[in-house]
Structures are given as structure tokens and as C-alpha cells.
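Colleague: Before we start, here is the structure in question, set down as C-alpha cells.
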Amino acid sequence: MHRPTLSGRRAVAVGAAAALTLLAGCSNSSGGNGGTASATPTLTGDCAPFQAYAGHSGTTVTMFASILSPESDALERSWAKFSSCTGIKISYVGSNDFESQLPVRVTGGNAPDLAIIPQPGLLAQMVKTGKVVKPPAQTVANESKWAPIWKSYGSVDGTFYAAPMSANMKSLVWYSPKAFAAAGYQVPTTWADLMALSDKIAKSGKNKPWCGGIGSGTATGWPATDWVEEVVLGKYGGDVYDQWISHQVKFSDPQIIDSMNVVQNWMHNPAWVNGGFGDVSSIASTTFQDAGTPILTGKCSMLQQASFYEAQWPKGTTVGPNGDIWAFKLPAVNPSIPTPVEGGGEFVAAFSSRPEVQAVQNYLSTSEWATSRIKQAPGWVSANQGVDPSIYTDPIDQLSAKYLTDPSATFRFDASDLMVAAIGSGQEWKSFTAWFAQNQSVQKTAADIDAAWPQ
Amino acid sequence: MWADTSVKFGNMFGAVAGFLGVLLLLFYLAGAARGRLSRRLAILLLLGPAILLLLVGIVIPAIRTIYLSLFNEDSTKFLGAGNYTWAFGNSDIHQVLLNTLLWIVVAPLLTTGLGLVLALLVDRLRGQAIYKSLIFMPMAISFVGASIIWKFVYAYRDPSQPQIGLLSQICLWLGWHHPPNWILSHPLNNFLLMIIMIWVQTGFAMVVLSAAIKAIPEDITEAAVLDGAQGWRLFRNVTIPMIRSTIIVVLTTVMITTLKLFDIIRTMTGGNFGTQVLANEMYNQAFTEFNNGRAGALAVLLFLAVVPLVAYNVAMLRKERGIR
């Protein structure tokens with residue numbers, strides 16, 4: 001090796017020392033302790049409604065969620081006014097790998113201040129780490145605007161942790177009003193009517209009544225879990241549904257087997273599915289995003305999918321009661337169950353109790369914020385009963401909001417999101433996929449899931 | 001926004017400059033040392049960082065994985081060999097192990113075989129550079145990208161409807177009126193997925209083997225031809241022995257890639273329809289079912305499967321060095 005001259009060596013040493021100083025200078029973290037203002041400023045003008053959140057100007061709250069652009073853009077616009085008035089900056093990060101990233105960040109000591117968690121099961125898992133902070137009193141007070149069941153989904157072992165944010169409605173059947181009118185079909189209002197209509201469409205020989213797809217990458221199988229959940233809730237009611245989630249009622253219980261058999265005769269019926277795609281097993285190889293397209297070409301008549309399926313229709317499709325596509329509420333299998341509604345939603349959990357974090361938490365739990373978000377863009381519904389239903393511009397949002405805020409409805413959260421992860425995002429998906437793909441029997445499917453339940 | 005970005009970039013450059021500074025300082029110290037100390041210091045400085053990184057990046061995580069594999073899902077209860085008895089007693093995992101075995105036997109052999117045949121054939125063509133680039137091209141596509149391409153090839157639609165899958169359409173043209181739903185047809189689907197791996201890796205095998213064939217000294221082939229060897233005999237008794245070590249390197253490289261196989265399965269089937277393999281199941285256990293114990297046990301099994309391959313490669317390398 002070539003030895004440098006003495007002066008060269010000295011220069012190197014000086015450079016190294018300078019670099020070390022630079023490194024030390026950079027290691028101080030950004031964001032921090034600017035919020036120790038002694039007096040709370042008074043907000044005036046159109047900032048006056050934000051007075052309750054004032055006094056933390058110059059602070060930053062980090063937020064982590066699974067919501068990506070463009071939906072996250074509407075989210076960020078919805079609190080822009082809040083930020084400019086209060087001076088609290090919300091630093092939002094969205095990731096499509098949220099479910100696996102959040103536990104890594106939390107257990108690694110790098111938790112965000114706030115996380116928007118779409119599965120109560122994941123919330124429970126986060127609470128188990130001991131890092132989730134209980135919400136401030138105002139957030140708890142704001143809960144009175146929600147049906148009590150929502151508060152229970154934001155709670156773990158009876159303690160309330162996370163306020164609900166958005167909601168979506170799963171109990172919908174998509175269809176084409178034009179095709180129905182042309183064929184003279186009536187929108188069914190009871191389960192018996194729905195089955196009779198399916199039979200009528202199948203016997204007409206023109207097309208299959210139902211189409212479906214449960215393909216969803218690594219989450220393949222989830223739409224099939226929705227079908228069974230709809231039937232369990234609509235046939236046996238909320239109590240059995242809740243016991244089923246906690247495995248007091250097993251999958252091999254006669255009531256769940258019976259519900260699966262209802263699905264077997266419905267979405268597993270070779271005469272009824274899978275319009276435009278092929279036989280029953282093609283449900284497993286069709287992605288849920290593609291599943292509804294044959295309705296537009298008349299190859300199938302109906303698709304059971306959630307309210308968020310609206311985004312999947314191609315550009316130029318008009319969605320509305322007299323449009324190309326519309327949806328009706330899936331009727332209860334057992335008419336004595338009052339309006340069974342299955343849905344999903346998101347919950348805001350805090351990992352810090354700094355005052356500015358609590359201010360954001362309080363704001364996000366109000367109906368004012370929900371109203372602000374609804375005005376940004378369609379495709380977002382709140383189950384907050386304080387939101388004026390007339391501000392929804394999108395017909396599907398209106399329909400969903402009507403059922404989600406109905407105090408007499410039997411609302412239940414998606415069961416697979418509530419079951420332990422090993423079942424709800426593991427064995428149940430796998431077994432239900434095999435049920436459709438390999439025509440596996442209902443009994444074996446149920447037995448496999450029960451066997452995989454963690455002891 | 002810009003301030004945030006500039007702070008981040010500032011931090012990054014600061015960290016890089018600091019790292020270089022530390023290195024320079026160390027090298028300066030090593031250079032300044034004299035006498036008996038200098039050699040030891042040099043060894044320590046040059047080997048130290050590598051050993052440290054190996055410890056932090058591989059050895060410690062490996063030990064921790066083995067440790068975690070003896071515990072339950074959130075590592076709070078000791079299970080002993082419980083996760084291993086689960087792995088060997090569960091019929092789903094039997095399928096996973098069987099699939100993995102099938103992959104590491106079939107995919108590398110076919111890739112290397114096809115690569116060798118192509119190397120021999122393309123070498124005789126005019127304009128071989130063009131053909132070689134074309135065959136090598138898929139190598140530049142990631143496994144996820146390749147899987148998405150093949151997903152369209154295998155896509156299924158009812159034969160009465162317009163087809164979007166190339167394979168089904170070809171079958172219909174050839175008069176097979178009811179092609180199966182390819183990706184659901186077990187065990188055929190495993191081999192259909194292997195084709196993707198072979199498609200991507202054959203170019204690599206071909207290029208490496210072709211270079212090895214060209215490196216065979218002219219006089220050896222000439223002597224063999226003078227002795228009357230031709231065609232198959234020349235290939236079997238001269239070419240193959242001369243490139244044997246290259247074939248083994250290609251075979252083991254593809255085999256290790258196959259053991260780590262994850263992307264193709266995740267993109268094509270998500271592990272459904274009886275196509276699951278070890279690496280993907282391990283990820284599912286760890287990150288969707290949050291079972292650290294079972295994931296750890298599967299990782300250990302994968303590790304045990306890779307060790308003999310790596311050991312064999314190292315032994316071959318040693319042997320070759322010995323000859324030289």
C-alpha cells in the first residue's frame with residue numbers, strides 16, 4: 001500500500017474529526033418541546049371552533065395507518081383547518097404493509113403517536129404489549145354519539161382504548177337496476193324472495209344469478225368469511241355471533257355448520273354460480289376486484305360485496321337507484337332478527353399521552369371532524385350518529401350511513417377481524433379457500449378450523 | 001415539507017460522512033502503529049467490522065430464532081419441541097415440506113439441464129449474442145414481475161367466454177375444449193409455478209455454462225477429436241467433466257434460490273391450492289398469524305435444509321483450491 005505523506009495524514013485526521021462533529025450535530029431529533037406555552041391563546045374568527053384544542057402550537061403528532069393516496073389525501077385535507085388553527089402538525093404515514101409493520105414498530109420502541117387500526121383483533125394485540133395509552137376524557141365523552149356496540153369494538157377486556165373513525169357496510173348485494181327492470185325482476189326484501197329470485201334467474205337459462213371471487217393475494221378467502229358471517233348473524237343473531245368469535249360456539253357447532261350449509265346452497269350451488277367465470281371452483285381463482293364485472297355485461301345478476309366495492313366499478317359506470325349499478329341490503333335469513341348489519345371500521349389508538357396527541361385524538365372523535373372528512377370526498381362513512389345524513393353526496397354512502405347509524409339495527413363487526421389472527425387471518429381463510437377451490441366438505445372445513453384454534 | 005426532506009438528507013449525508021470519518025481515523029491509527037502490534041491491529045481492523053456485522057446480522061438472529069422456536073406464539077411459554085412436533089404432525093405442513101422438496105429437486109435440475117442444452121445449441125448459431133440476450137432477459141425481471149406476467153398466462157375463464165389467459169386460449173385453438181383452471185389443478189399447479197422459476201433462471205445457467213464451455217482449452221477437444229471422439233461421446237467424456245465444477249455451482253446456486261422461494265408463491269397463489277412452500281409459510285406464521293414460535297421452527301428447518309448445500313459448495317471450493 002502507498003503510504004501517505006505526513007501532511008496528508010494530518011489532513012485526513014482533521015477531516016475525520018470534522019465528520020464526527022457533524023455526525024454528533026445531526027443526532028438530535030427533530031420535533032419536541034415547543035409546546036410548553038404558559039398561556040393558551042384565544043382563537044378567533046373561523047378558528048374559534050378549535051379553541052378546545054388550542055395551546056399546543058408548534059408540535060407534531062405522528063400518525064400511522066393503512067390508508068393510501070388518494071383516500072389519505074382526503075384525510076389530510078380534512079384536518080388541514082385544524083392544523084392551521086391550532087398549530088399542531090399531523091405527520092401522516094400510510095403503508096400497505098400496516099398490519100405487519102405496526103407490531104414491529106411498537107415492540108421495537110418506535111411506535112407512532114396515533115395509529116388507525118382496522119381490526120379490533122390487532123388492537124387487542126397492541127394493548128397486550130402495554131404500549132397503548134387510554135384515551136382522554138373528552139374522547140370517551142364523544143363516544144355517546146355512537147351505538148354502544150362500537151365502543152365495545154374499541155375496547156379490550158372491557159377497557160375502552162380506541163375511538164371508532166370510519167365505518168363500512170358489508171351487508172350489500174350489488175345488481176344492475178336496468179337488467180332487473182328489463183327482465184321484470186323485483187328487488188327481494190326477504191331471504192326467501194332472494195332465493196326464489198336466484199332460482200328464477202337460473203331457470204331462465206340466460207345467465208347465472210350470482211358471481212363471486214374470493215381471490216385477494218395473501219388474504220385470499222376473506223370474502224367467503226363474509227358470506228358465512230352474514231348468514232350466522234342473519235339466521236342466529238348477535239349473541240351466537242359473539243360466542244362464535246370467542247370460540248364458545250365452535251365452527252363444528254350445528255348452528256355454524258347450518259349457516260355454512262346455507263352458503264353451500266347459495267354461493268356453492270353449481271346452478272347459481274359463477275356467472276362469466278366458470279364453475280364453483282373459479283370463485284377461488286377470481287379476484288374479489290374482478291368478481292362484479294360480469295354484472296355489467298349481463299353474464300351474472302348479483303354479487304354480495306361490501307360498500308367499498310363501489311370503487312371497483314369501471315370509470316363511467318353510474319351508481320344509483322336508476323343507474324347501471326346499485327345495491328340492496330342483504331335480507332336477514334331469519335326474518336325475526338331485526339335488520340342484521342355486518343360492517344367494518346377503523347379505530348384510532350394512541351401510543352402517547354402528550355397533550356397535543358390527546359387534542360388530535362379528541363378532534364378525530366367528534367362529529368365535526370367526521371363532517372369535515374365526508375365533505376372532502378365520497379366513499380367514506382361515519383357511524384357517528386351526530387353526523388347530518390344529508391351531507392353525503394354519494395348514493396352508496398347514503399345507503400350505508402342509513403343502516404350504520406340505525407339504532408334499531410343488529411350491527412356486528414366483521415367476525416374474522418375479531419377472531420384471533422391465527423384463525424381470522426390464517427386458518428379460516430385457508431380452509432374457506434379450500435372449501436371453494438377443492439370442493440372440500442363443510443364438515444371437514446369446520447373441523448380444520450377448530451383444530452387450528454390456539455389453545 | 002422541504003425542510004423535513006432537507007433535514008433527512010442532511011442526516012443521511014452526515015451519517016455517511018461520519019462513517020467514512022471513523023474508517024479514516026481507524027486506518028490512520030493502523031498505519032501509525034509499528035512493529036509486532038501493526039500486524040495484529042491490521043487483522044483486527046480489517047476483519048473486525050466483517051465479524052461484527054456477521055454477528056449482528058446473522059449469528060445472533062440465528063441463535064435467537066432457534067431460541068424463539070422453543071416458545072409459544074408470543075414467546076411467553078416454553079414449549080420445548082412443541083413447535084417441531086406441530087410442523088411434522090400437521091398435514092398442511094406435510095404438504096409444505098413435500099412441495100419444498102419437489103421444488104429443490106425439480107427446479108434446479110431442469111434449469112441447469114435446459115441452460116446446458118441452450119448453451120450448446122446457441123453457441124453454434126450465428127448472431128448468438130442476440131439469442132443469449134433474449135434468453136437472459138427474464139433474469140432482469142423480478143420474481144414478482146415475472147409472476148404477474150405468468151398470472152395472465154394461466155388466467156382462467158369459462159370456455160364459453162372470451163379468454164384472457166394465453167395458455168387456455170392456446171388449448172382452445174388446439175381443440176381442447178375444456179382446459180382446466182390451471183392454478184387450481186393440484187399437483188399440476190406446483191409445476192406450473194416452477195416454470196416461472198425456470199424461465200427466470202435458465203438465462204443465468206446458460207450464460208455461466210456457456211462461458212465454462214468456451215474456457216475448455218482447444219487442444220483437449222482437438223486431442224479427443226483426433227482420438228475419434230465425436231458428438232455425444234465428446235460431450236459426455238470431455239465437455240461434461242471439464243465443466244463439472246461450474247455445473248455444480250449453477251445447480252447449488254439455483255437450489256439455494258429455490259429454498260428461499262417466496263415471491264412467486266406469494267404473488268401467484270398466496271400459498272393456497274396446495275402450493276405452499278417453507279419460506280412463505282414461515283412468513284405467514286410470523287407476520288399474518290403472529291406466531292413467532294412456529295415461524296421460528298420453520299425457519300430452523302429451512303436453515304437445516306440450506307446448511308448441507310452451503311457446506312458442499314465450500315468443500316468443492318476448497319478442493320479446487322487444493323488442486324491449484
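The values are calculated or read from the model by the stated rules, or taken from the named source; none is laboratory data. These numbers were taken from a predicted model, which means no experiment stands behind them. Neighbour counts are summed over all protein chains in view; Cβ atoms, including those assigned to glycine, are modelled from backbone coordinates with ideal geometry.
Colleague: So which residues in the range A:432-452 are free of Cβ contacts under 8 Å to residues at least 40 places away in the same chain and either more than 18 Å from B:Met282 (Cα to Cα) or not in a helix (DSSP H, G or I) (or both), if there are any at all?
Modeller: A:Ala434, A:Gln440, A:Ser441, A:Lys444, A:Asp448, A:Ala451
Colleague: Against the conditions (1) farther than 30 Å from A:Leu418 by Cβ; (2) within 14 Å of chain A (Cβ to nearest Cβ), where does B:Val300 fall short? Just the number, please.
Modeller: (2)
Colleague: Would you confirm whether any residue within the range A:402-423 is in contact (Cβ under 8 Å) with a residue 24 or more places away in the chain, surrounded by fewer than 21 Cβ atoms within 10 Å (Cβ to Cβ) and among the acidic types (Asp, Glu)?
Modeller: yes
Colleague: Looking at A:Ser198, A:Ser204, which one is closer than 27 Å to B:Ser160 by Cα, at pLDDT 95 or above and touching a helix residue (DSSP H, G or I) at 6+ places or on another chain (Cβ under 8 Å)?
Modeller: Working: A:Ser204 fails: at pLDDT 95 or above.
The unique qualifying residue is A:Ser198.
Colleague: State the number of residues belonging to the range B:110-143 that are within 16 Å of the chain's Cα centre (by Cα), surrounded by fewer than 14 Cβ atoms within 10 Å (Cβ to Cβ) and aliphatic (A, V, I, L, M).
Modeller: Of the residues in that region, 1 qualify.
Colleague: Considering only the range A:377-391, state which residues are more than 19 Å from the chain's Cα centre (by Cα) and among the polar types (S, T, N, Q). Spell out how you get there, then give the answer.
Modeller: First, pick out the residues of the range A:377-391 that are more than 19 Å from the chain's Cα centre (by Cα): A:386-391.
Listed by number, the list holds a single entry, A:Ser390.
Colleague: Among all residue pairs at least 6 apart or on different chains, which show Cβ distances below 9 Å where the first residue, located in the range B:193-214, is part of a helix (DSSP H, G or I) and the second is among the charged types (D, E, K, R)?
Modeller: Pairs that qualify, where the first residue is part of a helix (DSSP H, G or I) and the partner is among the charged types (D, E, K, R), are B:Gly203/B:Lys132; B:Met206/B:Lys132; B:Val207/B:Lys132; B:Ser210/B:Asp123; B:Ser210/B:Lys132; B:Ile213/B:Asp123; B:Lys214/B:Asp123.
Colleague: (1) touching a residue at least 12 places away in the same chain (Cβ under 8 Å); (2) more than 14 Å from chain A (Cβ to nearest Cβ); (3) small (Gly, Ala, Ser); (4) under 26 Å from A:Ala452 (Cα atoms): which one isn't true of B:Ala81, the others all being true?
Modeller: Here B:Ala81 clears every test but (1).
Colleague: Further question on the same structure: Outside the structural domain of A:Val357 (by TED's automatic domain parsing) and either over 17 Å from the mean Cα position of the chain (by Cα) or buried (at least 19 other Cβ atoms within 10 Å of the Cβ) (or both): does that describe A:Pro164? Don't jump to the end; show me each part of the working.
Modeller: Values: outside the structural domain of A:Val357 (by TED's automatic domain parsing): no; either over 17 Å from the mean Cα position of the chain (by Cα) or buried (at least 19 other Cβ atoms within 10 Å of the Cβ) (or both): yes.
In short, no.
Colleague: Now for a different question. Among the residues of the range A:353-371, what is the count of those that are closer than 23 Å to A:Ala147 by Cα and assigned to a loop (DSSP other than H, G, I, E, B)?
Modeller: Count: 2.
Colleague: Right, next: Please work out which residue is farthest from A:Thr62 (Cα to Cα), limiting yourself to the range B:14-55 and to residues that are surrounded by 14 or more Cβ atoms within 10 Å (Cβ to Cβ) and either away from every other protein chain (no Cβ under 12 Å) or modelled with pLDDT of 90 or more (or both).
Modeller: For the range B:14-55, the residue satisfying everything is B:Ala33.
Colleague: Ok, one more. Suppose the filter is more than 14 Å from every other protein chain (Cβ to nearest Cβ) and within 22 Å of the chain's Cα centre (by Cα); does A:Ser408 pass it?
Modeller: Taking the combined requirement at face value, the residue does not satisfy it.
Colleague: Yes or no: the range B:151-167 includes at least one residue that is in contact (Cβ under 8 Å) with a residue 60 or more places away in the chain, within 24 Å of B:Leu134 (Cβ to Cβ) and in a helix (DSSP H, G or I).
Modeller: Yes; the residues of the range B:151-167 include at least one that is in contact (Cβ under 8 Å) with a residue 60 or more places away in the chain, within 24 Å of B:Leu134 (Cβ to Cβ) and in a helix (DSSP H, G or I).
Colleague: Right, here's the next one. Give me a count of the residues in the range A:389-405 that are in a loop (DSSP other than H, G, I, E, B) and either out of contact with any helix residue (DSSP H, G or I) (no Cβ under 6 Å at 6 or more places or on another chain) or not assigned by TED's automatic domain parsing to the domain that holds A:Gln376 (or both). Break it down stepwise before answering.
Modeller: Here is the first cut: in the range A:389-405, the ones in a loop (DSSP other than H, G, I, E, B) are A:392-394, A:405.
Checking the rest, the ones that are also either out of contact with any helix residue (DSSP H, G or I) (no Cβ under 6 Å at 6 or more places or on another chain) or not assigned by TED's automatic domain parsing to the domain that holds A:Gln376 (or both) come to A:393-394, A:405.
Count: 3.
Colleague: I would also like to ask the following. So, A:Gln455, is that one under 22 Å from B:Phe287 (Cβ atoms), outside any helix (DSSP H, G or I) and either outside the structural domain of A:Ala124 (by TED's automatic domain parsing) or without any contact (Cβ under 8 Å) to a residue 40 or more places away in the chain (or both) or not? Give the derivation first.
Modeller: Working: under 22 Å from B:Phe287 (Cβ atoms): yes; outside any helix (DSSP H, G or I): yes; either outside the structural domain of A:Ala124 (by TED's automatic domain parsing) or without any contact (Cβ under 8 Å) to a residue 40 or more places away in the chain (or both): yes.
Yes: the conditions hold for A:Gln455.
Colleague: Pull up the range A:332-352, narrow it to residues that are in a loop (DSSP other than H, G, I, E, B) and of a type in the set (A, V, I, L, M, F, W, C), then point me to the one that is surrounded by the fewest Cβ atoms within 10 Å (Cβ to Cβ).
Modeller: Narrowing the range A:332-352 to residues in a loop (DSSP other than H, G, I, E, B): A:332-339, A:351-352.
Next, from what is left, pick out any that are of a type in the set (A, V, I, L, M, F, W, C): A:332-333, A:337, A:351.
Values: A:Ala332: 22, A:Val333: 23, A:Ile337: 15, A:Phe351: 21.
Among those that are in a loop (DSSP other than H, G, I, E, B) and of a type in the set (A, V, I, L, M, F, W, C), it is A:Ile337.
Colleague: Exactly one of these conditions fails for B:Val277: (1) touching a residue at least 60 places away in the same chain (Cβ under 8 Å); (2) more than 21 Å from B:Pro308 (Cα to Cα); (3) within 14 Å of another protein chain (Cβ to nearest Cβ). Give me its number.
Modeller: (2)
Colleague: What's the total number of residues in the range A:291-344 that are of a type in the set (Asp, Glu) and in contact with a strand residue (DSSP E or B) (Cβ under 8 Å, 6 or more places away or on another chain)?
Modeller: Just the residues of the range A:291-344 that are of a type in the set (Asp, Glu), to begin with: A:310, A:324, A:342.
Those left that are additionally in contact with a strand residue (DSSP E or B) (Cβ under 8 Å, 6 or more places away or on another chain): A:310, A:342.
Of the residues in the range A:291-344, 2 are of a type in the set (Asp, Glu) and in contact with a strand residue (DSSP E or B) (Cβ under 8 Å, 6 or more places away or on another chain).
Colleague: Would you say B:Ala295 is over 25 Å from B:Ile149 (Cβ atoms), within 11 Å of chain A (Cβ to nearest Cβ) and out of contact with any strand residue (DSSP E or B) (no Cβ under 7 Å at 6 or more places or on another chain)? Working first, answer last.
Modeller: Values: over 25 Å from B:Ile149 (Cβ atoms): yes; within 11 Å of chain A (Cβ to nearest Cβ): no; out of contact with any strand residue (DSSP E or B) (no Cβ under 7 Å at 6 or more places or on another chain): yes.
No.
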